[in-house]
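Engineer: Following this message is one structure expressed as structure tokens.
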Amino acid sequence: MRKSQFILVSQLKEKLQEFPGIVSSLEKKDPHFIDKIMWWLKASEDIFSTYNISEVSEIAGFRSKIIAARITEGRGVNIKKNQIKAASDVLYDIQNTVLTVLTPYERKISECREIVKQLLVLTAQTRTQIYHQSLPFEDFIKKIWMYILSENDLRMGAIKLKSLLSEMDILMLMGDEIELSDFS
């Protein structure tokens, strides 16, 4: 089973949304800056690892640079300052790595989102699929998807979606994009 690209995009966007706060904590000389960046790196690594994204090693490499700054020997060496310097030197590269991974997935989801919107508009125009509040939302989305798959005029769009995303991702996109008022 393919892993959800929709969830991957959401998770990576969330990580990138957290990044300005980390940069601000560096700017404010927050004593927990190192903990924050290390936690962020580890969480990003976990996402990459879950999706078998090879850039996991690059993220681990950035983390290792910050860890290595702790091991500096010598008298009067301020370990905390060394770590902050190491972390600040790689901040841009860290976020750029995550952004570089995210961009092609985000583009694909955006393309699929447009196809879903078109299919939903065309389906709504047929007036064959009516939403009733007694029907669970997820079941209604599945019902529409089955209709799209079975309708000759809509099937090509469905095939295009299936070639790009898992069915679970398609259903999540449909749930995101549907205007229930169009189906009332």
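Engineer: With θ set to phi - 60°, apply the Karplus curve 6.51 cos²θ - 1.76 cosθ + 1.60 along segment 141-147 and write out the HN-Hα couplings as whole Hz, x wherever there is a Gly or Pro.
Structural biologist: Calculated HN-Hα couplings, in order: 4, 4, 4, 5, 4, 4, 5 Hz.
Engineer: Taking Cα atoms, how many degrees apart are the long axis of helix 33-50 and the longest axis of the chain, rounded to 10 and kept between 0 and 90?
Structural biologist: Orientation of helix 33-50: about 40 degrees from the principal axis.
Engineer: Right, another one. How much of the accessible area of segment 90-184, in percent, comes from carbon and sulfur atoms when a 1.4 Å probe is used?
Structural biologist: Exposed carbon and sulfur together represent 53 percent of the surface.
Engineer: What translational diffusion coefficient, in µm²/s and rounded to a whole number, does the Stokes-Einstein relation yield for the chain at 4 °C and a viscosity of 1.567 mPa s, taking the hydrodynamic radius as the Kirkwood radius over Cα pairs?
Structural biologist: 67 µm²/s
Engineer: Consider all pairwise Cα distances in segment 1-45 and report the whole-number % of them above 18 Å.
Structural biologist: Distances greater than 18 Å cover 36 percent of the Cα pairs.
Engineer: Next up: Using the Cα gyration tensor of segment 99-184, with a ≥ b ≥ c the square roots of its eigenvalues, what is the shape: rounded (a/c below 1.5), prolate (a/b larger than b/c) or oblate (neither)?
Structural biologist: prolate
Engineer: For labels at ASP89 and SER64 in the simple 7 Å Cα→Cβ model, what's the distance in nm?
Structural biologist: 1.5 nm
Engineer: A further question on this structure: Helix 167-177 versus the longest principal axis of the chain: what angle, 0 to 90°, nearest 10, using Cα atoms?
Structural biologist: 80 degrees
Engineer: At a 1.4 Å probe, what is the % contribution of carbon and sulfur to the accessible area of segment 1-70?
Structural biologist: Ligands and nucleic acids excluded, carbon and sulfur give 55 percent.
Engineer: Would you calculate, for the chain, the mean residue ellipticity at 222 nm contributed by helices, counting each DSSP H stretch of 4 or more residues as -39,500 (n - 2.57) and dividing by all residues, to the nearest 500?
Structural biologist: Mean residue ellipticity at 222 nm (helix-derived): -26000 deg cm²/dmol.
Engineer: Angle between the Cα long axis of helix 5-27 and the longest principal axis of the chain, 0 to 90 degrees, nearest 10?
Structural biologist: Once rounded, one gets 30 degrees.
Engineer: Among HIS32, GLN17, SER54, whose Cα projects farthest towards the positive end of the dipole of the chain, with charges put on the beta-carbon of Lys, Arg (+1) and Asp, Glu (-1)?
Structural biologist: The residue sitting most towards the positive pole is HIS32.
Engineer: Right, here's the next one. For the chain, give the magnitude of the charge dipole about the Cα centre (Cβ charges: +1 Lys/Arg, -1 Asp/Glu; no others), in debye to the nearest 20.
Structural biologist: Its charge dipole is roughly 660 debye.
Engineer: Tell me, what is the percent relative contact order of the chain, built from C-alpha pairs under 8 Å that lie six or more residues apart?
Structural biologist: 26 percent
Engineer: Using heavy-atom solvent-accessible surface (probe 1.4 Å) with all chains present, what is the largest-first order of SER57, SER134?
Structural biologist: Result, largest first: SER134, SER57.
Engineer: Enter the accessible area per residue of segment 1-123 (Å², integer; probe 1.4 Å; all protein chains in place).
Structural biologist: Normalised by residue count, the accessible surface of segment 1-123 is 58 Å².
The values are calculated or read from the model by the stated rules, or taken from the named source; none is laboratory data. Note that the coordinates shown come from a computational prediction; the quantities given were computed from them, not determined experimentally. Because the Cβ atoms are built from the backbone with ideal geometry, glycine has one as well, and the counts that use them run over all protein chains shown. We work out accessible area using only protein heavy atoms, side chains counted, and drop any ligands, DNA or RNA first. Shrake-Rupley method; radii C 1.70, N 1.55, O 1.52, S 1.80 Å.
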